[in-house]
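J.: Here's a structure for you.
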Amino acid sequence: MAVNIDELKQLSMIDVAESLGMELKRQSGHTYYWTEHDSLKILANTNRFHWFSRDVGGDVIQLVQSVKDVSFKEAVRFLQEGTFSQVENEMIEPVKQEPFSYVLQPYEHPDFELGRNYLKEERGLTDDTINTFLAGGNLAEATRKKGDYFEPIIVFKYRGLDGKIQGASLQGIVENKVQYPKRGRLKQIMNHSDGLAGFSFDVGTPKRLVFFEAPIDLMSYYELKKDTLQDVRLVSMDGLKKGVISRYTADLLTDGKFSQANSYTSILKALDSLNKTTKLITDDLITIAVDNDKEALKFIEKLKEDNIPFQIDLAPKSDGVKKMDWNEYLQKEKAGEKKMPGEKTSEVIQKKQEKLQEERNLERTRDSDGDGLTDELEKSIGTNPYNSDTDGDGLTDSQEVAMGTNPLKPNPLSKELTTDQLTQLPTLSELIQAKDTKGLSKIMKEGIKDYFNSDQYKNYLEAISKLPSYSANNVMLLLSQNSEVSMVASFKKWQSDFERSVKKGQKALWIFAPYEFKLRDNNGQYKVNENGEIEKGIGFKLVPVFDVSQTQGKEIPQAVYELTDEGKIFDYETLYRALKSVSDDNKVAMHFQEIDSGARGFYNRETNEIAIKRGMTKAQTIKTIIHEMAHSELHNNKIVAEAGEKLTRSTKELQAESVAFVVSNHYGIDTSEYSFAYLANWAKDKESLTDLEAQLSIVQKEASQLIKKVDLKLEKIKTLNLTKDKTKESVFHEKLNRFKEKQSIQEKNKEPKKAKESRFSVQSGFS
C-alpha cells in the first residue's frame, strides 16, 4: 500500500508528541515545550517544531526521527502503525549535531564586575563562592549584541573532561522588560550546545552526583552547603533532562570515557542499561536537587517509575507555597539575617551598564594609530589598528580605503608617487570634514575597481540588504565610515518617526543628499527658460545621519509580516507565495521540474518562463528563485537587444547572483557560502565586466525594487492571515456565547442537562 507522506505530515504534532510519551507544557499562546528537554518547542498553529539546543526542526516525521533517533522509514512506519518495527537493510542514522563554537570569547570582561554585583546583590551569593567558581574557569562575564542592543551577561560554560567547551547557558544581568517581556532578563542556551552536557563543578574527587535545573541553583546549593560537601560533582541540567543524568552518571563510572566513545543514543540509554545490567548505581550515587514544584515532582516520579535509585534533596517550602528553588531558599535564609536589597541594587547595576556602554562607544571611535580609521573598522577589514600602514607600501590604511585599493596588499601606485604626492593624498575623514563631494565621488568611483578582489563586495551587498533605499555611492560611503551600519536616519527623523534619541558623544555619519540650485549664465545672471521660469539644477551635498546603534529609546517597529510567534523558524511557504505573486505580476511564469544539467534553475528568454529544480533545500530554492527573477527583470529579450555586446554572460551572472544574495540576506537567509564561491568564478572575468560602477548601481536598484515588491506582498499575506484568524476566533466566540445562552435558558426553565465530563472544547463543534 502506497504511503501518502503529505497526509502523514498533516497529523497533529501535539498528538504525535503525546503518542511518543513526551510530556508537553504550554509556554505561551500556541507554543509548547517538552518538559524533559525544554529547548524543544512545538508551534501548534504551524504544526512545526524546533529543538534549539540541537538546532533541528521540521514536521511530524522529523519530530519522530529527532526524538527517537530513528530513520525516515521507521518514523513513517510509526506514524502509520504506532510501533517502531525494524526496517530491513537500512542503517539508522543519528541526527547530525552542528559543532559548538564559543563565539563570545573575544567579548569577555576580565574583571567580572557586573556579574559579581548581580550574583551578590540580586542572588545572595558571597564573594567567596563567586571566587571559587571563577577559579574553576567555567564562569565568565561578556557583552552580547542583539541588533543594536548591547547587554552584559553571565556565561555558564559546559566543559567536557578533556577541557573543551561543549556549550553554554547565558544569564542576563540587567533587567529589560522590552527585550524580555516574560522573564525580564535573558535566559538562553547558546546555539549548537551539547544537549546532554551542562554547567558543572567538582568538590574534591567526585564519587557522587547532584543534579539541578539551573546554574544559579547549583551555586546557591553550594553556598548553603559548602562546609559539608565532599567528593561530589554538581551538575546543572538546564531543565529536567534524564539524558544529562545518564551522561554524567556513565562518565563518573568510566572516568569520562563513556561519552567520548559512544553515540548520542547510547548515552541516552546508558542510565537504564547500567541500572538493569550492573549494581554500580547505588542509592547514594545520584541526588536530585531540582526545584520544589509540580513539574519537578512529576520528573522525580518518572525516574521512580523507571526504577532508578537516587536520593532527593529539595529546598524546603512552607504550606501553601507552590514553588521553591535553591536560590529562592538562599535569599529567604539571607533575608532572615538582613533585609534584602531593593532599588539601590538596580541603580548600581544600571550605572555600571551605562559605564559599559560608554566604554563600548569610546572603543568604537578609538583610532590608536591615528590614520583616520577607527580600531573597530580596522579589525573588521583586517588591517592593524596599531600600524597606520599595514602593508608597508607607503600609503596609509585610510588613504587606501579612500582610494578603494586593498590596504592588506602593497599598491603598485605607491611606487609612482613622490613623497610630496603621498603626503598630499587626502584621507577619507579629511574629505568628509571638508565636505568635498567631488573628491569623495572620485574616490568612490576609483574604489570600485578593487571591489572584486576583497571582502568589500560582500560587505557592500550585505549593507544593501539592510539599506535598500540608499544609492550605491551612499552605501559605499557609509561602509567606509562604519562597517556594521544597518539602519540610518537624521537626528530629527530618529526623534519624530521612531521616538529615539541620539546618544551623547556620537559622531555623525555622512551621506550624499540631492538639493536644487538656481542656474546662472557666464555673467552671473539666473538662467530663464521659455516660460520665464528660473532654470534649476541638481547638486549633492553631505548631510549627517546616525546609525540605529548610536541611538536609544522606543523599540524599532516591525513590519506586519515580521510579527511571528516566539521560536518561529524560516517561513518558506509565505516567502515563496510572495515571490511567486511578484513574478506573476511581472507576467513571468514559474514552475518546478527535473533538471539534469546540474543547474539549479534557468530563465528562458524566448518563453519568458522560470524553471526551478525540484528537491533542493528550502533556502536554496528561495535563493534560486530570486536569482532567476533577477534574470527575468534585467536580461529579458528587450534589455538584451538594447544592451548588445555590453551585456556579457559574466555581467549577467554577477548581476543576478548579487541580487539573489542581497534579497535573500534581507529575509534572513545566508547564502554567502554558495553565492561568493559562485561570484568568484565570474569575477575572474572582470575585464569583461564593463563599467563596474554601473554594475553596482544596477544591483542596488534591482535588489531595492524587488525587496519593496516582496515586502508589500508579505504585508498583504500576513494581514490577510491575521484577519482570517480573527474571523475564526470571532466565529468561535459567537458559537460559545450561544451555547452559554442556551445553558442559561435551560437553567431558568429548571431543565438542567448533565454535561459530559471533559468533553467541552474547541473540538466539540465550535470550530
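Bear in mind these aren't lab numbers, they're just calculated from the coordinates by the rules spelled out. For clarity, every value in this text was computed on a predicted model and none was experimentally measured. Methodologically, a virtual Cβ is constructed for each residue, glycine included, from the backbone with ideal geometry; neighbour enumeration extends over all protein chains shown.
J.: So which of Lys157/Lys187; Lys41/Lys269; Lys207/Lys279; Lys25/Lys298 end up more than 19 Å apart by C-alpha?
T.: Values: Lys157/Lys187 14 Å; Lys41/Lys269 23 Å; Lys207/Lys279 15 Å; Lys25/Lys298 12 Å.
Pairs exceeding the cut-off: Lys41/Lys269.
J.: Restricting to Cα pairs below 8 Å that are 6+ residues apart, what does the relative contact order work out to for the stretch 489-555? Please round to a whole percent.
T.: On the way: 97 pairs, mean separation 30.6, N = 67.
Across the stretch 489-555, relative contact order equals 46 percent.
J.: Need one number: % antiparallel among DSSP beta bridges in the stretch 586-629, to the nearest 5.
T.: Details: 4 of 9 bridges.
About 45 percent, rounded to the nearest 5.
J.: Please list 208-219, 35-46, 583-594 highest first by mean number of surrounding beta-carbon atoms within 10 Å per residue. Can you show the working numbers first?
T.: Details: 208-219: 24.2, 35-46: 20.1, 583-594: 13.2.
Highest to lowest by the protection proxy: 208-219, 35-46, 583-594.
J.: Rank-order 464-474, 596-606, 499-509, 707-717 by packing density, defined as the average count of other C-beta atoms within 10 Å over each peptide's residues, highest first. Mind dumping the intermediate values first?
T.: Details: 464-474: 19.4, 596-606: 13.2, 499-509: 15.0, 707-717: 17.5.
Taking the mean over residues of other Cβ atoms within 10 Å, the ranking is 464-474, 707-717, 499-509, 596-606.
J.: Continuing with the same structure: Over the alpha carbons of the stretch 196-333, what is the largest minus smallest coordinate on each principal axis, giving the biggest first in Å?
T.: The Cα atoms of the stretch 196-333 stretch 43, 32, 23 Å along their principal axes.
J.: Once fully extended, how much extra length lies between Lys269 and Glu642, figured as 0.36 nm per residue of separation less the alpha-carbon to alpha-carbon distance?
T.: 127.5 nm
J.: Can you sort Trp326, Trp34 by how many other beta carbons sit within 10 Å, fewest first? Mind showing how you got there, number by number?
T.: Values: Trp326 27, Trp34 22.
If I rank by nearby Cβ atoms, fewest first, I get Trp34, Trp326.
J.: ³J(HN,Hα) across the stretch 182-189 via Karplus (A = 6.51, B = -1.76, C = 1.60, θ = phi - 60°), whole Hz, x for Gly/Pro?
T.: With coefficients 6.51, -1.76 and 1.60, one gets 7, 8, x, 9, 4, 8, 8, 9 Hz.
J.: So if we plug the beta-carbon distance of Tyr576 and Tyr107 into 1/(1 + (r/R0)^6) with R0 = 45 Å, what FRET efficiency do we get, rounded to 0.05?
T.: Values: r = 37 Å, r/R0 = 0.82.
Between Tyr576 and Tyr107 the formula returns 0.75.
J.: Name the residues whose placed amide hydrogens come within less than 5 Å of the amide hydrogen of Asp291, ignoring near sequence neighbours (fewer than 5 apart) on the same chain.
T.: The answer is Glu213.
J.: What does the C-alpha gyration tensor say about the overall shape of the stretch 99-194? Classify as rounded when a/c is under 1.5, otherwise prolate if a/b is larger than b/c, or oblate.
T.: Details: a/c = 1.78, a/b = 1.10, b/c = 1.62.
In terms of gyration-tensor shape, oblate.
J.: Once the Cβ-Cβ distance between His591 and Lys9 is put in as r, and R0 is 30 Å, what FRET efficiency do you end up with, to the nearest 0.05? Before the final figure, lay out the partial values.
T.: On the way: r = 23 Å, r/R0 = 0.75.
Given R0 = 30 Å and the Cβ-Cβ separation, E is 0.85.
J.: Follow-up question, since we're still on this one. Quick one: of the DSSP bridges fully inside the stretch 196-333, what percent are antiparallel, nearest 5?
T.: 35
J.: Under a crude label model (7 Å from the Cα following the beta-carbon direction), how far is Tyr526 from Ser501 in nanometres?
T.: Distance between label points: 4.1 nm.
J.: All other residues with a Cβ under 13 Å from the Cβ of Asp521 taken together, and with Lys, Arg as +1 and Asp, Glu as -1, what is their net charge? Walk me through the numbers on the way to the answer.
T.: Values: positive: Lys518, Arg520, Lys527; negative: Glu535.
Once all neighbours under 13 Å are counted, the net charge is +2.
J.: Now for a separate question. Return the long-range amide H neighbours of Lys187 (sequence gap of 5 or more, or a different chain), with a cut-off of under 5 Å between placed amide H atoms.
T.: Sorted by chain and number, the residues that satisfy this are Gly172.
J.: While we're here: Take every Cα-Cα distance within the stretch 489-555, group them into 10 Å bins from 0 onward, and report for each bin the whole-number percent of pairs it holds.
T.: Using 10 Å bins, I get a P(r) of 19, 31, 18, 17, 14, 1 for the stretch 489-555.
J.: Using only Cα atoms, figure out Rg for the stretch 5-81 and give it as a multiple of 2.2 N^0.38 Å.
T.: On the way: Rg = 11.4 Å, N = 77, 2.2 N^0.38 = 11.5 Å.
After normalising by residue count via 2.2 N^0.38 Å, the value is 1.00.
J.: Which order do the peptides 527-535, 328-336, 285-293 take when ranked by the mean count of other beta-carbon atoms within 10 Å per residue, highest first?
T.: Working: 527-535: 9.2, 328-336: 15.6, 285-293: 20.6.
The most tightly packed comes first, giving 285-293, 328-336, 527-535.
J.: Compute the FRET efficiency between Asp255 and Leu229 as 1/(1 + (r/R0)^6), taking r as their Cβ-Cβ distance and R0 = 25 Å, and round to the nearest 0.05.
T.: On the way: r = 21 Å, r/R0 = 0.84.
Efficiency, from the Cβ-Cβ distance: 0.75.
J.: Continuing with the same structure: If we count other beta carbons within 10 Å of each Cβ, what is the order of Lys207, Lys613, Lys638, fewest first?
T.: Numbers: Lys207 12, Lys613 19, Lys638 9.
The fewest-first ordering by Cβ neighbours comes to Lys638, Lys207, Lys613.
J.: So if I average 1/r over every pair of distinct C-alpha atoms in the stretch 248-307 and take the inverse, what Kirkwood radius in Å does that give? Please list the in-between numbers first.
T.: On the way: mean 1/r = 0.0779 Å⁻¹.
After inverting the mean inverse Cα-Cα distance, the result is 12.8 Å.
J.: Using the Cα atoms as the points, what is the convex hull volume per residue of the stretch 599-653 in Å³? Show your work: numbers first, answer last.
T.: Numbers: hull volume 4.1 nm³, N = 55.
Each residue corresponds to 74 Å³ of Cα convex hull volume.
J.: Moving on to the next point. Going by how many other Cβ atoms sit within 10 Å of their own, how do Ser368, Ser28, Ser650 line up, fewest first?
T.: Ser28, Ser368, Ser650
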